[in-house]
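Read-outs throughout are calculated quantities, based only on the coordinates presented, and are distinct from any laboratory measurement. Everything numeric in this text was worked out from a predicted model, so none of it was measured. As a convention, Cβ positions derive from the backbone with ideal geometry for all residues, glycine included, and neighbour counts pool all protein chains shown.
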Amino acid sequence: MKKVKDFLWHDGMRVSELVESFGSLGYQAVELAEASKVVLKMKKSGAKVFLTFTSNMVTSGLRGFFAQLCKLKIPNILVTTSGAIEEDIMKSFGEDFEVINFNADDTALH
């Protein structure tokens, strides 16, 4: 099974690298593209940027990306669910998360 990997943007990243990284994320890339347009519009107008996400987005490989956004001071306010704490604890103990098909065999997963 394919492992979920954190998405980390870097300066000079090629589009091919970006698209390739989508293969190890569990989210809808279309929504990320739309969100980037909204954030740019908000920043240009001086609005406060709220970054909100549910715990499943953290497990889906966006933990590192969210951390980068915070280091760059893009969001003014961060809101998440308490599930992210549990998944951070699991990750700190070395747990890996896997990208799988929704129709995966429950017995094999167990």
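Observations on the structure shown:
- Ratio Rg/Rh, restricted to the chain and using Cα atoms, in which Rh is the Kirkwood radius: 1.00
- Under a Gaussian network description of the chain, with springs only between Cα atoms under 10 Å, the residue in ASP11, ASP88, ASP96 that fluctuates furthest is ASP11.
- 0 to 90° range, to nearest 10: angle between helix 83-92 axis and the chain longest Cα axis: 70 degrees
- Amide H partners (placed H, <5 Å) of LEU78, local residues excluded: LEU51
- For the chain, the number of Lys pairs separated by eight or more positions or lying on different chains, with C-alpha atoms closer than 27 Å, is 20.
- At an R0 of 25 angstrom, the distance between the Cβ atoms of LYS3 and THR81 translates into a FRET efficiency of 0.60.
- Computed over the stretch 2-109: relative contact order in percent, which uses C-alpha pairs under 8 Å that are six or more apart: 37 percent
- Amide hydrogen neighbours beyond the local backbone of VAL99, cut-off 5 Å, H modeled: LYS2, LYS3, VAL4
- Helix 29-45 vs. the chain, principal-axis angle (Cα, 0 to 90°, nearest 10): 20 degrees
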